[in-house]
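Undergrad: One structure is given below, represented as structure tokens, and several questions about it will come after.
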Amino acid sequence: MHAFASFFGTDEMTFYATSSRFPIDPTQPRERRYFNRFSDLTNEILGARIWAGIHFRNADVQAENLGREVEHYIETQYFAFVH
């Protein structure tokens, strides 16, 4: 989500995400989750992975930080030449 915030120049953006996982009834519309910031979605995903028992918080926090560093590197190294 850091890439979206960087692209739009702000973390604040009202949007929704639709999940297609575990449909109860395929003929019904999917659940929409509304967010006011890109970071809100990142935080919800991080929390969901921990509650689901997939990861420990420290591993997800480190992964988020690594993703932020990769996004920053790409933005400064690649997009610096595009502008």
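The values are calculated or read from the model by the stated rules, or taken from the named source; none is laboratory data. The structure presented is a predicted model; accordingly, all values stated were derived computationally and were not measured. With ideal geometry, Cβ positions are generated from the backbone for all residues, glycine too; neighbour counts draw on all protein chains shown. Just the protein is used for accessible areas: all its heavy atoms, side chains included, with ligands, DNA and RNA removed. Shrake-Rupley method; radii C 1.70, N 1.55, O 1.52, S 1.80 Å.
Undergrad: May I ask you to give the solvent-accessible area per residue for the chain, in square angstrom, as obtained with a 1.4 angstrom probe?
TA: Per residue, the chain has an accessible area of 84 Å².
Undergrad: What's the angle, to the nearest 10 degrees (0 to 90), between helix 57-77's Cα axis and the longest principal axis of the chain?
TA: Roughly 40 degrees, rounded to the nearest 10.
Undergrad: For Trp51, what charge total do you get from the other residues with a beta carbon under 13 Å from its beta carbon, if Lys and Arg give +1 and Asp and Glu give -1?
TA: 0
Undergrad: Taking only Cα atoms, what is the 0 to 90° angle, nearest 10, from helix 38-51's long axis to the longest principal axis of the chain?
TA: So the inclination is approximately 50 degrees.
Undergrad: Further question on the same structure: First compute the accessible area of the chain with a 1.4 Å probe, then give the percent of it belonging to carbon and sulfur atoms.
TA: 59 percent
Undergrad: On to the next question. What do you get for Rg/Rh over the chain if you use C-alpha atoms and the Kirkwood form of Rh?
TA: 1.06
Undergrad: Distance in nm between label sites at Phe56 and Asp25, each 7 Å beyond Cα in the beta-carbon direction?
TA: 4.3 nm
Undergrad: Taking the dipole about the Cα centre of the chain, with the C-beta of Lys and Arg at +1 and of Asp and Glu at -1, give me whichever of Leu41, Asn65, Tyr78 is farthest to the positive side.
TA: Leu41
Undergrad: Still on this structure, I have one more. Given the options Glu69, Glu12, Glu31, which has the most mean-square fluctuation in a GNM of the chain, springs set between C-alpha atoms less than 10 angstrom apart?
TA: Result for the chain, Cα springs under 10 Å: Glu31 fluctuates most.
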